[in-house]
1. Please determine whether any residue of the range 194-217 is at pLDDT 95 or above, over 19 Å from V249 (Cβ atoms) and not in a helix (DSSP H, G or I).
2. Taking the options G108, G133, name whichever one is in contact (Cβ under 8 Å) with a residue 24 or more places away in the chain and out of contact with any strand residue (DSSP E or B) (no Cβ under 7 Å at 6 or more places or on another chain).
3. Across the range 155-187, what is the total count of residues that are at pLDDT below 95 and either touching a Gly at 6+ places or on another chain (Cβ under 6 Å) or part of a strand (DSSP E or B) (or both)?
4. Looking at this structure, is A120 out of contact with any strand residue (DSSP E or B) (no Cβ under 6 Å at 6 or more places or on another chain), under 29 Å from H228 (Cα atoms) and assigned to a loop (DSSP other than H, G, I, E, B)?
5. If you go through the range 236-251, how many residues are surrounded by 13 or more Cβ atoms within 10 Å (Cβ to Cβ) and either among the aromatic types (F, W, Y) or not in a strand (DSSP E or B) (or both)?
6. Can we say A143 is small (G, A, S) and either in contact (Cβ under 8 Å) with a residue 60 or more places away in the chain or farther than 17 Å from L241 by Cβ (or both)?
7. Starting from the range 187-215, keep only residues that are surrounded by fewer than 12 Cβ atoms within 10 Å (Cβ to Cβ), then list their pairs with residues that are in a helix (DSSP H, G or I) and small (G, A, S) whose Cβ atoms are within a distance under 6 Å, requiring at least 6 positions of separation or different chains.
8. Can you name the residue in the range 144-154 that is of a type outside the set (S, T, Y) and part of a helix (DSSP H, G or I) and, of all such residues, is farthest from V183 (Cα to Cα)?
Amino acid sequence: MKPVCLVIGAGAGIGGNVGKRFAAAGYHVVLCRRSNEQGLQDLVQQIEADGGSASGRLLNAAAEDSIEECVSSVEAEIGPIEVALYNLGAQIGNRSLEETSYKAFELGWRLGTFGLFRLASVLCPLMAERGKGSILVTSATSAMRGNSGQHSHAAAMGGRRMLCQSLNAQYASKGVHVAHILVDGAVDAPDTLGKMLGPEVFAQLREKHGGENDGLMLPAEMAETYFHIAHQHRSAWTHELDLRAFSDVAWWNHE
């Protein structure tokens, strides 16, 4: 039986590339995303064409019991989940306090913090019982710094970071490794940053900073870090780290 890696938030950027990396190492990868079933199946087929093992599921993580049922189904039908990646974004755009509705703020929390809590609630006890497991959590600069217009996102990511710390405080000694991975910069991901900026602006960003300039973080390279963290010896676990392109200024050095 192959080890199982569950990816929640498997787009063409970080999630999809992490899935490819684990599949290349012999994992069966379960790829979950909210929409675009064709894109999901294309990703599965890419992994299989490269000799890997994968399956795809559409998952609305904000829906009641969706995450819990997904974990239970994977455990029962495919096998024990050894690694889980929580890669859902919670960015609702740059909005002033007056422009941030209760509904929009709550959506950020549901995707940013509550979804991870739900995943941990069902998966951490299973991993603890087995004495091993890794939960990798993609986060953002907003987890460290709340900027103007980022009320929802900063609250959600800050909560995500503290939840990771609390989970480690309870479960690290039981063999469950939770890693908070802070992405401090722009990622070359067309279906996340590309959608948020729009195709024209994203193309300009790629032309100026991407390619041989290495100014945009490449998801395939980031996936190597995710894979390494999941396979660290328990005497030297990484619980938090930040990733950025070499040419970017770190979050703590910005004015």
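1. Checked against the condition, which is being at pLDDT 95 or above, over 19 Å from V249 (Cβ atoms) and not in a helix (DSSP H, G or I), the range 194-217 yields no hits at all.
2. Sole residue among the options that is in contact (Cβ under 8 Å) with a residue 24 or more places away in the chain and out of contact with any strand residue (DSSP E or B) (no Cβ under 7 Å at 6 or more places or on another chain): G108.
3. Here the count works out to 1.
4. It is false that A120 is out of contact with any strand residue (DSSP E or B) (no Cβ under 6 Å at 6 or more places or on another chain), under 29 Å from H228 (Cα atoms) and assigned to a loop (DSSP other than H, G, I, E, B).
5. 7
6. Considered against the rule, which asks whether it is small (G, A, S) and either in contact (Cβ under 8 Å) with a residue 60 or more places away in the chain or farther than 17 Å from L241 by Cβ (or both), A143 comes out as no.
7. none
8. The extreme case among them is H151.
The values are calculated or read from the model by the stated rules, or taken from the named source; none is laboratory data. If you're wondering where the values come from, they're calculated on a predicted model, not measured in any experiment. Note that we place each Cβ from the backbone using ideal geometry, even for glycine, and neighbour counts take in every protein chain shown.
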